[in-house]
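Here is the structure we will look at.
Where a number appears in this text, it was derived from the coordinates with a stated rule and is not lab data. As the structure is a computational prediction, the values presented were derived from the model and not from experiment. Virtual Cβ from ideal backbone geometry, glycine too; neighbours counted across all protein chains shown.
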Amino acid sequence: MVQGDIKTIRNKPKEVNDIVSEDESFRYEEILEYNLSERAFKMLGEAESLIDDGYVPLYLLSDPEIYEAERIKVFASSWNFLAHESEIPYPGDYVVRYIEQTPLIVVRGEDNKIRVFLNACPHKGREFVKAEIGNTSHIRCPYHGFVYNTKGKLVGCPVQKHAIGDVINYNDFNMYRVNVEIYKGFIFANLDPKPKNDLSTFLGDFKFYFDLVSNRSEAGLSFTNPQRWVVPFNWKAAADNFAGDIYHAFTAHATGYALFPKETIKANTVLTGLQVDAGNGHGIAFSRIIDSPQWYGNWWPELIRKAKNTLTESEYKFWVKYSTSTIIGNVFPNFGFLNAGMPFKGGSTAEAIAPILTFRVWNPISHDKTQIWNWFAIENDAPEDLKKYSYLAYQHSFTANGVFEEDDMENWITQTHAGNSMLKLKLAEKVGEYKPLIDVGAPGNVQSYPSDIGSMSFWRELVNKLLE
Amino acid sequence: MIYSSKNMDGNHINDLIDVLLYEAEILDNHQYDKWIDMLTEDIEYKMPVRITREKEDKETDLELSKSQYHFIDNKESILMRVNRYKNEYAWSENPPSRTKHFITNVRIEKVNETESIVKSYVLFYRSRRDNAYPEIFAYERLDKFRYENNKWKLAKRNIIPENSVLPLMNLSNFL
């Protein structure tokens, strides 16, 4: 026997006999039941009517029972971003990812097809893989030696005839498979064996906006390894922020913006920003510091021409007209992204600001703890100097020690802390409520900056899902 | 304090250990201007992300990400961070973290009149706000010091974190 906690096997081990054809496993398991308690049902009913009036009850953020309900009713039935195709470029490449705490393997099969499996052996539930990334031709459980191909099919086990014989229903020994769909290279999975909608329907009108960061060049994006850290806040604080809070930037990130060249930050241009409730709980915001989409004009004007070929006509029109310096959004429930100019080498001049693109998952650990997964991304055909400076600008601004992001943690931690209150606090997320919706030739409900419209769409969808 | 001496000048060894202890003191006292003075103009300050990999893949080299860093700084960007921390609106450090850098397992790999290579382990202890329980983070430093104007200055620091997932709510302190 090959020793140790083995996942990486270049070829099928000799001691394992072939017992099956190369047929694919189509084994999907049901998700657990969850019935709301009377208490939770009452709280959510109250939340639903408060949200209609522009309030968010703080108990939605921190209550442990609400969190328990979210596990099944939100995460187990949404399309969750797991990985980008560029993280597993070659056959046999895999990464280990999570939906809430459900452990998953995202693997590119020998047939180049991407599949997602539960990281647990169907025999006794032992997790197959403890490494977070690797390459393999087969997957072997280190507990009893069951070996699977990258399609999730059992190909054998030690002393197989004596162990499971010839007549057993081998489907019981196939890996648990999870539904997977890919949008523009972004791999999403849904734990529900019969998803209520497909990924395209789930993203809905938000595709229009998501394309603006994911589909500007035919060459596609490349992701770095994720940076991960654990922070004592509830995941929803970050989702609320990315879905629609750009208003906080000039206070919370005062020291970050102080690094920008003075002449570029003018109140009148900032106020031409937009905030969007794109439906299904997806929110996005656009703020304007300079008149160039995310500062690409200074670095890579060609991208603005390239995007004309990949974006739809209306997307392109919107992007060059409105998206300007910052795009920040959140795909429901917990997949955020940011595309903005950020300072590298100390900032202070326009030449020291480079565009960055980052994606992150607010991966929930408990009602008051979240693991942040933070990726940098850039178009494969970006100029080499931009690749370098963009990464530095990202690392110095939107990471665990980013001069911007560092300060976000304090907001989310203390919101979660305040949520432990015994009082029914109702928060007035009413910024912009008085303002009319505007037509900018783009889908969803759009308001001028500043507005809580995107954040409120997140909370509304959350409560809808919990009450479903 | 444990250190090895391989045919090295005893004075230099003591000097370098003093430098490490002095640095810990000024970092823990947030005396960042004094810290800046300890860095060479061409300082390279890095902490790559650590990746959990299988044994057969495991060479420290592969375990350290080539694409993602917790720190990748030079003098300019360190100054940017330092100037920010001086500002009362740098919310992550206001109120400031209380930290202790415990330096141990010091190994001086090479020392001559102009340069030294020093390895050490650090246990970083941090208390914030009214939390009774601290954050604790261990890492190894691979340092290069250069002798300039009668002082040992830090020219290169590679920080090798023990964790693939940081057990810190942010990284608002130098390591």
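Among A:159-166, A:455-462, A:282-289, A:246-253, how do they line up by average Cβ neighbours within 10 Å per residue, starting with the highest?
Listed from highest to lowest mean packing, they are A:282-289, A:455-462, A:246-253, A:159-166.
Can you bin the range B:76-175 into rounded, prolate or oblate? Criterion: square roots of the alpha carbon gyration tensor eigenvalues sorted a ≥ b ≥ c, rounded for a/c under 1.5, prolate for a/b above b/c, oblate for the rest. Because a/c hits 1.5 or more and a/b fails to exceed b/c, the range B:76-175 counts as oblate. Only Cα pairs under 8 Å and 6+ residues apart enter the sum, and on that basis the relative contact order of chain B stands at 25 percent.
A helix-only calculation puts chain A at -7500 deg cm²/dmol for mean residue ellipticity at 222 nm, using -39500 (n - 2.57) for each DSSP H run of at least four residues, averaged over all residues.
May I ask you to work out the translational diffusion coefficient for chain A at 10 °C, viscosity 1.306 mPa s, via Stokes-Einstein with Rh from the Kirkwood sum over Cα pairs, reported in whole µm²/s?
68
Gain on full extension, evaluated as 0.36 nm per residue between B:N131 and B:N94 minus their Cα-Cα distance, stands at 11.8 nm. With a 10 Å cut-off around each Cβ of A:222-232, the average count of Cβ atoms from other chains is 6. The mean number of Cβ atoms from other chains found within 10 Å of a Cβ in peptide A:400-412 is 6, as a whole number. Rg/Rh for the range A:204-467 stands at 0.94; both radii use Cα atoms, and Rh follows the Kirkwood definition. Shape class for chain B: oblate, because the ratio a/c of the largest to smallest gyration tensor axis (alpha-carbon atoms, square roots of eigenvalues) is 1.5 or more and b/c is at least a/b. Semi-axes, largest first, in whole Å: what does sqrt of 5 times each Cα gyration tensor eigenvalue give for the range A:80-200? Largest first, the range A:80-200 gives 26, 16, 13 Å. The base-10 log of I(q)/I(0) for the range A:429-468, evaluated at q = 0.27, 0.35 Å⁻¹, reads -0.91, -1.14 [Debye formula, identical scatterers on Cα atoms, solvent excluded].
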